[in-house]
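I have placed the structure first, in the form of structure tokens, so that the comments after it can refer back to it.
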Amino acid sequence: MGKKKTRYSGIGGQAVLEGVMMKNKDQYAVAVRKPDGEIEVEVEHYVSVADGSKVLNLPFIRGVFQFADSLLLGMRSLNYSASFYEEEDGKRESGQTSDKALKSQADKVFGTVAMILSFVLAIGIFMVLPYFITSLFEDYIRSASFLAIIEGVLRIVIFVCYVLAISLMKDIRRLYRYHGAEHKCINCIEKGRPLTVKNVMKSSKQHKRCGTSFILFVMLVSVVLFFFIRVENPVYRVLLRIALIPVIAGISYEIIRLAGRSNNFLVRIISAPGMWMQRLTTREPDESMVEVAIAAVEAVFDWKAYLYEAFGYEVDDSWLRDDDEPYDDDDDDEPHEDDEEGESDDTTGITHDI
């Protein structure tokens with residue numbers, strides 16, 4: 001098939017343990033490859049933390065709630081996918097019984113605590129730690145502006161090192177392959193191609209609305225804000241970095257939202273670092289992984305109707321024929337058409353594609 005214009009679809013997702021979560025508006029589906037090889041798909045309705053509130057339509061403010069939603073939904077999806085393998089491990093242990101209802105409640109509590117601790121740890125590592133390291137050089141570097149730049153660069157270096165370190169883990173490398181499958185499915189659809197395994201395999205594993213790009217934007221935006229917003233008291237400096245996190249998230253969300261809806265020269269430039277980082281957080285999936293991702297998409301998204309509305313053609317059985325014709329799937333496409341407000345966005349990555 002030839003090169004197509006890219007059209008925004010509104011779907012987003014996340015890689016989970018042996019599976020993929022896909023979200024379309026207020027519905028999401030988690031597809032998991034179970035230990036016995038079958039694909040299990042669960043479809044649920046998700047209620048936003050700001051459900052019904054007009055703040056979801058306010059620029060910069062809506063990003064904070066979208067980020068919170070992505071964390072909650074991401075944790076919920078990960079817990080669901082992990083449950084299949086916890087059950088499998090339980091079957092291998094003889095003489096043990098458990099109350100499923102009690103265990104489910106305990107898992108929810110544990111998941112909530114784990115999410116809070118992870119968030120606190122992330123703030124400490126990526127926001128507070130770079131400041132403390134930089135402060136050690138205050139007696140040697142008198143320029144506050146130069147120190148702010150060093151702190152920002154150090155924050156980005158720590159993030160890249162973190163991504164590289166966890167990529168050494170076998171389970172994370174496999175998670176990154178499902179991350180690639182998720183991106184490939186979205187790219188396949190948004191390029192106007194029928195959602196078949198071979199079409200998906202040929203699509204790009206990088207996407208401008210990825211959560212990896214979002215996190216990198218958070219790092220870059222923090223550099224700019226901390227450069228201009230300063231206080232003298234060391235305690236206030238730490239508190240300022242924590243207090244500005246919602247502001248940073250809101251600005252970063254608007255940037256990545258723009259990146260997902262446009263393809264002009266400036267957008268490609270600001271998206272380039274995030275696309276590069278995705279080379280670390282995505283891996284090439286195999287066909288079985290792509291099958292799982294397709295199952296998640298089809299559970300919440302009518303891609304045939306989308307192709308008709310966005311590209312003007314109907315998909316029949318002949319279009320679903322997998323062929324071996326190569327095609328170019330780069331990101332130098334024509335700009336996206338404007339989209340209606342209120343649709344969900346996909347900004348995915350290690351944690352979740354918002």
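The values are calculated or read from the model by the stated rules, or taken from the named source; none is laboratory data. Because the structure is a prediction, the values reported are computed rather than measured. Positions of Cβ are backbone-derived with ideal geometry, glycine not excepted, and every protein chain shown enters the neighbour counts.
A few notes on this one:
- A Cβ distance below 7 Å, combined with a sequence gap of six or more or placement on separate chains, defines the contacts here; from the stretch 70-93, residues that are closer than 14 Å to LEU17 by Cα and surrounded by 18 or more Cβ atoms within 10 Å (Cβ to Cβ) reach residues that are among the charged types (D, E, K, R) and at pLDDT below 85 in the pairs ASN79/ASP107.
- Among the numbered conditions (1) in contact (Cβ under 8 Å) with a residue 12 or more places away in the chain; (2) of a type in the set (D, E, K, R); (3) not in a helix (DSSP H, G or I), the only one that GLU314 does not meet is (1).
- In summary, GLU40 fulfils each of the numbered conditions (1) surrounded by fewer than 21 Cβ atoms within 10 Å (Cβ to Cβ); (2) of a type in the set (D, E, K, R); (3) more than 30 Å from TYR313 (Cβ to Cβ); (4) within 19 Å of the chain's Cα centre (by Cα) with the single exception of condition (4).
- Considering (1) modelled with pLDDT of 90 or more; (2) under 28 Å from GLY250 (Cα atoms); (3) of a type outside the set (Val, Ile, Thr); (4) more than 22 Å from the chain's Cα centre (by Cα), the lone condition that SER53 does not fulfil carries the number (1).
- ARG230 meets all of the listed conditions (1) over 18 Å from GLN206 (Cα atoms); (2) in contact (Cβ under 8 Å) with a residue 12 or more places away in the chain; (3) part of a helix (DSSP H, G or I); (4) not hydrophobic (A, V, I, L, M, F, W, C) but one, namely (3).
- Here the strands (runs of 3 or more DSSP E) wholly within the stretch 5-61 that include at least 1 residues being over 23 Å from CYS210 (Cβ atoms) are 39-45.
- Selected residue [under 27 Å from TYR313 (Cα atoms) and over 18 Å from the mean Cα position of the chain (by Cα)] from ASN233, ASN263: ASN263
- Any hit, the stretch 175-190, residues being assigned to a helix (DSSP H, G or I), touching a Leu at 6+ places or on another chain (Cβ under 7 Å) and either farther than 14 Å from THR282 by Cα or of a type in the set (S, T, N, Q) (or both): yes
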